[in-house]
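Chemist: Supplied in structure tokens, the structure appears directly below.
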Amino acid sequence: MHILNQLKEKKLIAVIRADSEAQGYKTAKAVLEGGIVAIEITFSVPRAETLIQRLKEEFKSEILIGAGTVLNVEMCKKAIDHGAEYIVSPGFDRETAIYCHEHNIPYIPGCMTVTEMMNAMQHHSNIVKLFPGSHFNPSFIKNIKAPLPNIGVMVTGGVDLDNLKTWFKAGADIIGIGSALTKYQKDNDFDKITEAAKRYNDAIKELS
């Protein structure tokens, strides 16, 4: 899939949770200014679908916009109808997987066991989310890719600048960064969000 290949190429997704649509917009814009173009708007953000549409219309090809915390196919449809280019879930949902496959939209479900990952792959999910990453050792990815060499892994939760390279060395394909960026929202310090995004973007460039 074209979008999935782009996500793997960028290696980094900013996971945005916010208390309001306005706050989410300012955070997304700050992240983009910091050089991270793949952005996941979680459905815990009020009017998330409207924010997704606004960002897609405003930034067009400059952004890879996805929806996160998608719990069922109804939320999935709403996200895609408003411009989401990929769907991320905290767990695996069969109906959502089928719908995404029918519409050629990458579906990244949360999985914690090899059995869950095998089930996701059988439903055309070529990449799964390992969440929370803080509950795993990076070597876990290397171990699961031994029996499942074709599976892609996105790690979210517990990844920071100190261990980011370790996760990629262990076989992670994509890293999701959330609170390391959004923690500055409470002070409305969006310049710090941009600065943090730049630091993560620079760390990714060093991997090339």
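Chemist: State, to one decimal in nm, how far the label point of Val114 lies from the label point of Ala22, with both points 7 Å from Cα in the Cβ direction.
Modeler: 5.2 nm
Chemist: Ranked by accessible surface with a 1.4 Å probe, highest first, in what order do Met121, Met75, Met154 come?
Modeler: Met121, Met75, Met154
Chemist: Given a 1.4 angstrom probe, I'd like the percentage of the accessible area of the chain that is carbon and sulfur, rounded to a whole number.
Modeler: Carbon and sulfur: 47 percent of the exposed surface of the chain.
Chemist: Which whole-number percentage describes the relative contact order of region 91-146, with Cα contacts under 8 Å and a sequence gap of 6 or more? All intermediate terms of the calculation are to be shown ahead of the outcome.
Modeler: Values: 50 pairs, mean separation 17.8, N = 56.
The normalised contact order for region 91-146 reaches 32 percent.
Chemist: I'm spelling it out carefully: the read-out is Cα extents along the principal axes in Å, the candidates are (i) 63, 33, 28; (ii) 48, 45, 28; (iii) 45, 38, 27, and one was derived from this structure. Which label?
Modeler: The value matching this structure is (iii).
Chemist: Here's a follow-up. Give Lys8/Lys192; Lys26/Lys169; Lys77/Lys192; Lys56/Lys142; Lys78/Lys129 a once-over and call out the pairs whose C-alpha atoms are over 31 Å from each other.
Modeler: Lys26/Lys169; Lys77/Lys192; Lys56/Lys142
Chemist: Something else: Can you tell which of Ser139, Gly66, Ile87 lies farthest toward the positive end of the dipole of region 51-208, using +1 and -1 charges on the Cβ of basic and acidic side chains (Lys, Arg; Asp, Glu)?
Modeler: Highest projection toward the positive end goes to Ser139.
Chemist: Add -39500 (n - 2.57) for each DSSP H run of 4 or more in the chain, then divide by its residues: what number comes out at 222 nm, to the nearest 500 deg cm²/dmol? Show your work: numbers first, answer last.
Modeler: Numbers: 10 runs with 93 residues, N = 208.
So the calculated ellipticity at 222 nm is -13000 deg cm²/dmol.
Chemist: What relative contact order, as a whole-number percentage, does the chain give when Cα pairs under 8 Å and 6 or more residues apart are counted?
Modeler: Relative CO of the chain lands at 22 percent.
Chemist: Taking the highest mean first, how do the peptides 180-187, 201-208 order by number of other beta carbon atoms within 10 angstrom per residue?
Modeler: On the way: 180-187: 16.8, 201-208: 12.1.
Top of the packing list down: 180-187, 201-208.
Chemist: Here is a further query. Taking only Cα atoms and a 10 Å spring cutoff, compute GNM fluctuations for the chain and point out the largest among Glu21, Glu49, Glu58.
Modeler: Looking only at Glu21, Glu49, Glu58, the largest GNM fluctuation is found for Glu58.
The values are calculated or read from the model by the stated rules, or taken from the named source; none is laboratory data. All values derive from a computational prediction rather than experimental measurement. Cβ atoms come from the backbone with ideal geometry, glycine included; neighbour counts cover every protein chain shown. All accessible areas refer to the heavy atoms of the entire protein, side chains included, with ligands and DNA or RNA removed. Shrake-Rupley method; radii C 1.70, N 1.55, O 1.52, S 1.80 Å.
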